Amino acid sequence: MRRFGLGILILAALCARMAPAHAMLAMSDPDDETLKKPAPLPEGASFETGPDPKLVRVVVSPDAKTIATLTILGKVTLWNAASGKEVSNFNAADIETHGIDFAPDGKTLFTGSSDLIIKQWDVETGKSIKEFKGHDGEIKTVVASPDGAHIASADNAGTIKIWDIKTGDIVHSMTGHGDNLPAGMATPTIDCMNWSPDGRVLVTEANDETARLWDAIGGKELHVLPQHDGSVAAVAISPNNRVGVSTRGRQTSGTSHLRVWDVATGKILRIINGHQDDITCLGFAPDGRTVFSGARDRTVRQWDVDSGVEIRRFRLTSIPANLAASADGQYLAVVAPREGLMSFSLSVAPVTQSKDPCKTTDEAWNKLANPDYDVRSVGFNYFLKALPPQQAVTELLRRAHAIPAANGVDENAQHRELIARLDDDNYSVRLNAFDELRELGGAVRAELSEAVKSPSTEVRARAAELLSAIGGPFDAREVLVTELLRTLGTPEARAALEKR
């Protein structure tokens with residue numbers, strides 16, 4: 001089964017080069033003594049640096065070799081991503097500081113503080129090389145454009161600014177957030193923002209319960225993504241420019257979830273549920289296929305964007321404040337009060353709490369379809385650990401080709417007939433076939449993936465359009481087979497992955 005495009009936006013964190021996932025603070029109390037006690041190394045983590053309740057942000061260098069962390073009091077620390085050893089540190093400011101991002105070349109980084117100043121730093125020397133002044137409110141987030149020509153920043157006065165890095169000039173100053181502010185608050189606070197991979201669009205969130213899209217070239221608002229009925233914690237545009245994700249808290253409905261939006265229309269495509277408390281941070285994997293979220297339930301989870309299937313779960317002892325995935329897709333950096341900076345490998349089996357191991361390949365395959373994450377992860381681990389890699393690939397592909405349609409009925413012939421009607425001479429027949437295929441959604445993905453190779457120009461175009469728009473239904477095994485092949489990483493697995 002090929003991966004299918006959505007043409008959507010998931011508002012959360014990261015750009016094409018895996019820019020950092022920015023999010024609201026987890027609001028941990030720095031004076032809470034329990035958060036200052038060392039935590040056991042979380043399962044799945046390769047290292048942790050130790051307690052630091054003041055940590056608020058984490059970003060990863062474009063070459064994935066360096067991780068930078070930021071404390072609320074402006075201390076920037078650079079860490080070796082492989083060993084977790086401190087490389088250097090410097091003070092960006094002696095006051096409240098929230099914004100940090102690497103330039104695309106990795107040689108400089110930017111910080112923004114409550115003194116209304118953005119500073120550019122030389123990574124190697126830790127020296128400030130340029131300042132940007134012009135905000136009227138405390139700077140809450142700073143993000144560098146993918147081409148390295150601009151930075152965008154936002155403050156607690158509701159203002160977004162785009163700067164020319166070379167000249168230091170303000171290119172655009174934009175406002176718009178603030179329609180639904182909490183009682184007693186005069187101006188909106190924007191503390192999460194990200195660029196689209198092409199540098200043409202910005203996405204922001206604020207405490208007015210909305211996320212918004214902005215034309216970064218023309219300096220104007222494009223879309224208001226409807227009220228989230230609660231706090232919006234984080235937003236991002238996917239690295240492949242397909243989707244965006246926004247998070248909604250529990251203030252109104254008692255649930256916390258990720259909302260997946262269509263960037264062109266602002267239409268919600270799906271809601272991803274699973275966290276048991278407010279989501280605090282999120283960010284994309286570099287291919288844009290999966291997204292990570294951290295929450296006050298003390299977990300960090302990896303989700304398949306198109307289906308909402310949970311792939312991995314990391315359990316912490318404190319609330320994650322921020323996270324960022326490396327551009328090479330090999331690890332996830334997370335900061336939390338008790339653990340400090342942590343690094344989780346994305347090339348190993350997911351952690352599970354189940355004590356019921358699989359005995360056969362058939363049993364493992366069946367567990368992959370189980371709705372319970374811990375049961376599914378047992379099956380996942382079996383294919384990664386119990387079988388030689390080449391055998392695992394063979395078994396996965398053999399079974400994946402036999403996955404039944406979501407309704408349990410083999411309707412392949414009907415699907416092919418509907419696809420053939422996409423080239424009918426009668427316009428109404430073509431239109432009705434298109435609508436029926438769209439309603440069938442994920443059940444016709446395999447047939448549509450073949451149809452994009454059709455000799456008919458009309459069929460190819462319509463099939464491609466449908467593949468970019470359909471959602472579920474989904475069999476969790478479809479998602480997990482793709483992730484298993486990616487994790488196995490052998491030449492055979494990579495070749496199979498390219499065909500899906």
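The values are calculated or read from the model by the stated rules, or taken from the named source; none is laboratory data. What you see is a predicted model, and the numbers here were worked out from it, not measured in a lab. Cβ atoms come from the backbone with ideal geometry, glycine included; neighbour counts cover every protein chain shown. Protein only, heavy atoms only, side chains kept; ligands, DNA and RNA dropped before computing areas. Shrake-Rupley method; radii C 1.70, N 1.55, O 1.52, S 1.80 Å.
Limited to region 149-167, what total is found for residues that are part of a loop (DSSP other than H, G, I, E, B) and touching a Ser or Thr at 6+ places or on another chain (Cβ under 9 Å)?
Result for region 149-167: 5.
Please specify each residue of region 286-312 satisfying the condition of being open to solvent by less than 10 Å² (accessible area, probe 1.4 Å) and not polar (S, T, N, Q).
Within region 286-312, G288, V291, F292, G294, A295, V300, W303, D304, V305, D306, I311, R312 meet the criteria.
Restricting attention to region 234-255, report how many residues are touching an Asp or Glu at 6+ places or on another chain (Cβ under 6 Å), part of a loop (DSSP other than H, G, I, E, B) and modelled with pLDDT of 75 or more.
0
If the requirement is being at pLDDT below 95, more than 18 Å from K220 (Cα to Cα), part of a loop (DSSP other than H, G, I, E, B) and open to solvent by less than 20 Å² (accessible area, probe 1.4 Å), which of these qualifies: D136, D208?
Just one listed residue meets the conditions, D208.
Are there any pairs with C-beta distances below 8 angstrom linking a residue in region 185-203 that is free of Cβ contacts under 8 Å to residues at least 60 places away in the same chain to a residue that is in a strand (DSSP E or B) and acidic (D, E), with the two at least 6 apart or on different chains, and if so which?
T189/D155; I190/D155; I190/E205; R200/D215
What are the pairs with Cβ atoms under 6 angstrom where one residue, in region 321-343, is open to solvent by less than 10 Å² (accessible area, probe 1.4 Å) and the other, located anywhere, is among the basic types (K, R)? Sequence gap at least six, or different chains.
The qualifying pairs are N322/R57.
For region 448-496, how many residues meet the condition of being over 23 Å from A264 (Cβ atoms), open to solvent by 50 Å² or more (accessible area, probe 1.4 Å) and either β-branched (V, I, T) or at pLDDT 80 or above (or both)?
Looking only at that region, the number is 8.
Is at least one residue of region 145-163 under 22 Å from F292 (Cα atoms), over 17 Å from the mean Cα position of the chain (by Cα) and at pLDDT 90 or above?
Filtering region 145-163 down to residues under 22 Å from F292 (Cα atoms) leaves 145-146.
So of that shortlist, the ones also over 17 Å from the mean Cα position of the chain (by Cα) come out as 145.
Filter once more, keeping what is at pLDDT 90 or above: 145.
Within region 145-163, one or more residues are under 22 Å from F292 (Cα atoms), over 17 Å from the mean Cα position of the chain (by Cα) and at pLDDT 90 or above.
Taking region 82-106 as the search range and keeping residues that are surrounded by 14 or more Cβ atoms within 10 Å (Cβ to Cβ) and charged (D, E, K, R), which one is nearest to the chain's Cα centre (by Cα)?
This residue is D101.
Do we find a residue being acidic (D, E), modelled with pLDDT of 95 or more and more than 18 Å from the chain's Cα centre (by Cα) anywhere in region 14-29?
No, region 14-29 contains no residue that is acidic (D, E), modelled with pLDDT of 95 or more and more than 18 Å from the chain's Cα centre (by Cα).
Restricting to region 166-210, name every residue that is closer than 17 Å to A233 by Cα and among the aliphatic types (A, V, I, L, M).
Listed by number, the residues that qualify are L181, I190, M193, L202, V203, A206.
Under the condition of being among the small types (G, A, S) and assigned to a strand (DSSP E or B), which residue from region 36-77 is most open to solvent (accessible area, probe 1.4 Å)?
S46
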